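The values are calculated or read from the model by the stated rules, or taken from the named source; none is laboratory data. A quick note: this is a predicted structure, and the numbers were derived from the prediction, not measured. Virtual Cβ from ideal backbone geometry, glycine too; neighbours counted across all protein chains shown.
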Amino acid sequence: MHFPPVQFDWIAAVPMTLLSVGGLGVLLLDAKGKGRNPLVSAGAAAAVLVATLLWFVHPLVPHATAADARSFTSMLTVDGLGVFVTVVCILTGLGTLALAPSYMAREGVKAGEIYPLVVFAVAGMSVLAMGTDLMVLFLGLEIMSLAVYVLAGYQRTVDGSVEAALKYFLLGAFASAIFLYGITFMYGAAGSVRLDLVARALASDNPNTVRLAQIGLALLLAGLGFKIAAVPFHLWTPDVYQGAPTPVTAFMSSAVKAAAFALALRILRVGFGAHPMLWTEAVKWLAIATMVVGNLAALVQRDLKRMLAYSSIAHSGYLLAGVAAGHPAGTSAVLFYLAAYLAGNLGAFAVLVAIGEKGDRNLNLDDIAGLYKTHPGLAFALSACLLSLAGIPPTAGFFGKFLVFNAAVKAHMIGPAVLIALTSALSLGYYLTVIVKMYMAEPAREYITEPPTVGVRLVVVASVASVFVLGILPSLVQGLAEQAAIPLP
Amino acid sequence: MIDPHTIGSLLCLIPLAPLLGATYNAFIGRRVAKSMGHLAVHGVACAAVAVSLLVSVAGFACLVSMPVEARELRQTLFSWIHVGSFDVPIELVFDPLSAVMCLVVTGIGLLIHVYSIGYMHDDPGYPRFFCYLNLFLFAMLTLVLGGSLPLVFIGWEGVGLCSFLLIGFWFAESKNAAAATKAFLVNRVGDLGFLAGMVVVFSATLRIGSPTLSFSVLRDLAPRLQDASFLGAAVPVVAAACFFFAATGKSAQIPLFVWLPDAMAGPTPVSALIHAATMVTAGVYLLCRTSFLYVMAPDVGAVVALVAGLTACFAATVALFQHDIKKVLAYSTVSQLGYMFLGCGVGAFGAGLFHVVTHAFFKALLFLGAGSVIHAMGGEQDVRQMGGLRKALPVTTATFLVGILSLGGFPLLAGFFSKDVVLWRVLASGHGFLYGLALLTSALTAFYSIRLAVLTFGGAFRGGHEREHHLHESPRSMTVPLVLLAVGCIVVGWLAGPTWLGLIDRFAAWVEPALAVMPQVHEHVDAEVEERAEIVATCVAVVVGLAGMGGAWVMFGWAPGVARALADRLPVLHGYLAGRYRSVFDDVYDRCIVRPLLAATRALATFDQKVVDGLVNGAAALIRLLSRSSGWFDGTLVDGFFQRCADLARALGRAMASVQNGRIQSYLMTLGWALAVVLLLLEFVR
């Protein structure tokens, strides 16, 4: 066997190194302070994330992305897709860090490991976003997942949280196994786990290779489907999202989804970009099932957290439609959608953190009745975020949906395009119900909620601002998304 | 030495000072006046105008010190409209033309502000009045300083608005409100011409690749517009016609002059400022500003001259038979505006503009004098109730006489010089008919002006003893402006010092660089011959004018019975001339536009009531029937359908959600099935 000489290009490894080492630092800091001062830990973790973010805007990086920035013998690459998704994940991480202290204080959780865990999860996500080798990608998937398993079960003393973590862990382990099994098939088909080599092997059109790769792809898709909560792999989602601490749910539904979609785009575009007929149809049907089931199930929920969980499933459906719509319109639409979804989703969860009471009570549809009278600002923010999720102009969500719809029509996927519109209309059924309750119903009872902390306010304001800025000036992010999509094959 | 840059950057003060004054009196003045009295109102208003006047004078002095070809100050405040290569900045231009206008507007404006202090003293709307006056000056100064058509248009509309507000100042009387509305509507008709002209100019410049509405650029582009056509006619012709139509509205020419006589419903200082000295000359100013278009469209110029000549003559004949002192002056204004347009029409823009200046002096003087008379008479405006006022109102009488003689063209007074220049230029341009018309008009003008003076001040008082007791000279604030204006009437004419007296026409030399020159049609005539001809023409004009004055003196002063006898001899003709004649245009409009419009409205209303309502009522019954059945349909079938749909969606949702039984074994089982489904899916779609 011949090993090519290892090129150590440090540029590609800087983000994950920064995040991993920084995460360890935060862990040590927290241990030293015995978790008594959560704000210090949160601040340190945020500093690590901001430092990584700054590295991306450092003048070095454009050079790295312009040239062939692969390193570790093409196992990592700093390209537009990787950077875009990593930035989305880092921003979500920052939001989570801002929400966590007040939530944890309310729930009476003292331990401060949540902050380094968020950093570790983001490290895994950055590997997922920038990996170009199936083994590396698997590594990233596991780094991320392990951190998130722990995060989901963070409230050790609360049954729901523990149950959520256990379910997530068991099912996730299963899915990881299936994903790994898929990788073995790919290796069998291509003789390599590097995506570019997989693509080259597929280009030979050897029927045996294609056959093996196809089985491998099915297994990979199953694993992916689990992570992005696509129907029919979504069953864990509502239970886990409801049971996990609210800031963690926000993190999972925005960042984990973004990283998983980066993974999907990477595998499908780089590995199977030349053979779209192998997977387009399957992804399309997954998208259809996910849109329909997610929206229909969300319709009957009365708990806001669980409703947002189903809504998150539904949004995975729209994103999958974008993936199936192909390149480059679909790819850039998916990236824009991720950013738009982040804004609306994080804002909505931030409001839930602000109005929830200990044990996540007070998050029922009847509890928020008349919220407008007591908390006009929060009511407005939640309305803006939900309207964005529903895709009403002039919000970010509208442009996300519009771009995906447009890509679907361009790809002659009329069925999914029609379903995007229909299910969006359906989704108004549950989003508007919340807004109507807030603005038109009388308060059911007195609110005793304390005023939101600075961190929560910050997230709410930033989210609402982004929702409108992206809705009115979508070109700010659309251009970046298009640039990121172009280099993919 | 005045620094042009300093003055240039102060230009915006000229319009802005009155705007600030107006703002002050609109919001604060009334409240301050409660404690400090009227001074708080008129002090600020007059000071604002004084600032404008000072800056204008400084700008004028600055221009004088500059070389002739460079006489222009500019201030660009900011870019207003910017689309591609098309740019409309808010730009003020102070060149000899706008300098003349600014000086007249601010100078006479200041005098009229001062006069208003006395005239409006007891009016409850005192702050409002000064607010409107200042606002008017802001708009008027924007109009004359604007460097581009849109900016001029803002002023154009602004003065129209202020005119509306001031004519209807005493809006509680429906007659005044109606006059204001009439003025506004008629002006709006003219404004259409302005807008159309802008569109024509814009589209033409767009087609030649450099869209612009700025005067200086247009002036340079003008030769290239000559060949461009708009709807089959040359662009300069169409644009010039449009702008002249606009001018007939604002400057009260046939066919749109009908609003001006009614506009006398406003307070007299308003009549003096807006409806004699300044606003109504905006049309003349516009023609001078766009003179480069008119020299390229001589046919339009001929139309302008013809319309102006007819207007001048018609209005003068109407003025002969008016009994209301302000109405006489109003028709006289229409007539004199005709002289100005006559000058512009034959290409003598400088002469037209000079008549604007002299007319501003003597007509403002006459209106203010009339105001003083009305003040003394306790609101009476009918000259048949007056007479012999010379004893009680000596200052008013003396100054009014100066104004009257100036209007009538008495030699060596302002009006004489300017009218003489216009007449001469009409003759020199070879329009024999128009010259005859103008000469006739000048005889008529001399006649009605002396008639007015004699009826008002001559003879004995006809208004009864009660009134005679109350006659009094006006306060100082009113008489001082009168005296100043009278001095102006005597002096200002010499600016264009008649060349046949060996003097230089300073006014023409000053203003002509800013105007376009009509290309010479006739071969050049010998200068000496020309001068001799001019002297002859002047003599003819003097003789005609004096004859008119003498005739009026004979008929109304020396032998008052003559006029009466003449009227009795021709009762039908006199009845018509003194009655319906003045509203001949109003009658035509009434018959051709207003009444058909009202008739159509009424017909439509009837149609509405009888036919449409009938249909509606019938339809309503039908619809009630239909709606009852459709209500049943809706409630039972459609609502049912949607209710079922919603129920179905919920049921489906419940079914989907119920898969969520919380048991991890069943989740894993589903995962396995799902994997199988995906494998099969990939297998089948290949």
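General observations
- The residues in segment B:673-686 that are facing chain A (nearest Cβ under 7 Å) and small (Gly, Ala, Ser) can be counted, and the count is 1.
- Taking segment B:307-423 as the region of interest, the helices (runs of 4 or more DSSP H) fully inside it that hold 1 or more residues being farther than 28 Å from B:Leu287 by Cβ and touching a Phe, Trp or Tyr at 6+ places or on another chain (Cβ under 6 Å) are B:349-376, B:394-408.
- Residue within segment B:612-634 that is small (Gly, Ala, Ser), free of Cβ contacts under 8 Å to residues at least 12 places away in the same chain and at the interface with chain A (Cβ under 9 Å from one of its Cβ atoms) present: no
Yes/no matrix, rows are residues, columns are (1) without any contact (Cβ under 8 Å) to a residue 60 or more places away in the chain; (2) farther than 20 Å from A:Gly455 by Cβ; (3) touching a helix residue (DSSP H, G or I) at 6+ places or on another chain (Cβ under 6 Å):
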{"residue": "A:Leu91", "(1), (2), (3)": "no, no, no"}
{"residue": "A:Gly95", "(1), (2), (3)": "no, no, yes"}
{"residue": "A:Leu99", "(1), (2), (3)": "no, no, yes"}
{"residue": "A:Ala121", "(1), (2), (3)": "no, no, yes"}
{"residue": "A:Leu128", "(1), (2), (3)": "no, yes, yes"}
{"residue": "A:Thr132", "(1), (2), (3)": "no, yes, yes"}
{"residue": "A:Met144", "(1), (2), (3)": "no, yes, yes"}
{"residue": "A:Ala152", "(1), (2), (3)": "no, yes, yes"}
{"residue": "A:Ser176", "(1), (2), (3)": "yes, yes, no"}
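- Test set (1) closer than 25 Å to A:Gly82 by Cα; (2) in contact (Cβ under 8 Å) with a residue 40 or more places away in the chain; (3) away from chain B (no Cβ under 14 Å) - A:Leu202 fails condition number: (3)
- Being within 14 Å of chain B (Cβ to nearest Cβ) and either out of contact with any strand residue (DSSP E or B) (no Cβ under 8 Å at 6 or more places or on another chain) or of a type in the set (Lys, Arg) (or both) is a property that does not hold for A:Leu346.
- Counting only helices (runs of 4 or more DSSP H) that fall entirely inside segment A:1-66 and contain at least 3 residues that are of a type in the set (A, V, I, L, M, F, W, C) and modelled with pLDDT of 85 or more, the qualifying elements are A:10-32, A:38-57.
- For A:Gly223, the conditions (1) within 14 Å of chain B (Cβ to nearest Cβ); (2) in a helix (DSSP H, G or I); (3) in contact (Cβ under 8 Å) with a residue 24 or more places away in the chain; (4) closer than 24 Å to A:Tyr103 by Cβ all hold with the exception of (4).
- The lone exception for B:Ala172 - which of (1) among the aliphatic types (A, V, I, L, M); (2) crowded, with 18+ Cβ neighbours inside 10 Å; (3) outside any helix (DSSP H, G or I) it fails: (2)
- Answer from B:Ser9, B:Ser52, B:Ser35, B:Ser56 - the residue that is of a type in the set (Ser, Thr, Tyr) and free of Cβ contacts under 8 Å to residues at least 12 places away in the same chain: B:Ser35
- Filtered by the rule that a residue be outside any strand (DSSP E or B) and more than 17 Å from B:Phe215 (Cα to Cα), segment B:74-110 gives B:Gly84, B:Val100, B:Cys102, B:Leu103, B:Val104, B:Val105, B:Thr106, B:Gly107, B:Ile108, B:Gly109, B:Leu110.
- Tallying residues that are more than 7 Å from chain A (Cβ to nearest Cβ) and not polar (S, T, N, Q) within segment B:643-672 yields 10.
- Residue in segment A:183-211 that is nearest to the chain's Cα centre (by Cα), counting only those that are outside any helix (DSSP H, G or I) and small (Gly, Ala, Ser): A:Ser192
- Counting residues in segment A:227-245 that are touching a residue at least 60 places away in the same chain (Cβ under 8 Å), within 14 Å of another protein chain (Cβ to nearest Cβ), surrounded by 24 or more Cβ atoms within 10 Å (Cβ to Cβ) and on the phi > 0 side of the Ramachandran plot gives one or more.
- Cβ separations smaller than 9 Å between residues 6+ apart or across chains give the following pairs from segment B:373-392 residues that are on the phi > 0 side of the Ramachandran plot to residues that are in a loop (DSSP other than H, G, I, E, B) and among the charged types (D, E, K, R): B:Gly387/B:Arg462; B:Gly388/B:Arg462.
- Hits in segment B:4-42 (condition: over 30 Å from B:Pro67 (Cα atoms), outside any helix (DSSP H, G or I) and in contact with a helix residue (DSSP H, G or I) (Cβ under 9 Å, 6 or more places away or on another chain)): B:Ile28, B:His38
- Residues (farther than 12 Å from A:Lys305 by Cα, of a type in the set (A, V, I, L, M) and not in a loop (DSSP other than H, G, I, E, B)) located in segment A:226-247: none
- A:Val136 being closer than 29 Å to A:Ile11 by Cβ, crowded, with 24+ Cβ neighbours inside 10 Å and touching a residue at least 24 places away in the same chain (Cβ under 8 Å): no
- Among the residues of segment A:154-185, those identified as more than 14 Å from every other protein chain (Cβ to nearest Cβ) and either charged (D, E, K, R) or surrounded by 16 or more Cβ atoms within 10 Å (Cβ to Cβ) (or both) are A:Tyr154, A:Gln155, A:Arg156, A:Val158, A:Ser161, A:Ile183.
- Residue within segment B:365-382 that is closer than 30 Å to B:Glu530 by Cβ and under 27 Å from the mean Cα position of the chain (by Cα) present: no
- Those helices (runs of 4 or more DSSP H) lying entirely in segment A:380-489 with at least 3 residues touching a Gly at 6+ places or on another chain (Cβ under 6 Å) and more than 27 Å from A:Ala282 (Cα to Cα): A:454-472
- Taking helices (runs of 4 or more DSSP H) as the structural unit, those lying wholly within segment B:450-543 and holding at least 3 residues that are over 19 Å from B:Gly350 (Cα atoms) and out of contact with any Cys (no Cβ under 9 Å at 6 or more places or on another chain) correspond to B:465-470, B:476-491.
- Qualifying positions in segment A:264-302 - outside any helix (DSSP H, G or I), more than 9 Å from chain B (Cβ to nearest Cβ) and touching a helix residue (DSSP H, G or I) at 6+ places or on another chain (Cβ under 7 Å): A:Phe272, A:Gly273, A:Ala274, A:His275
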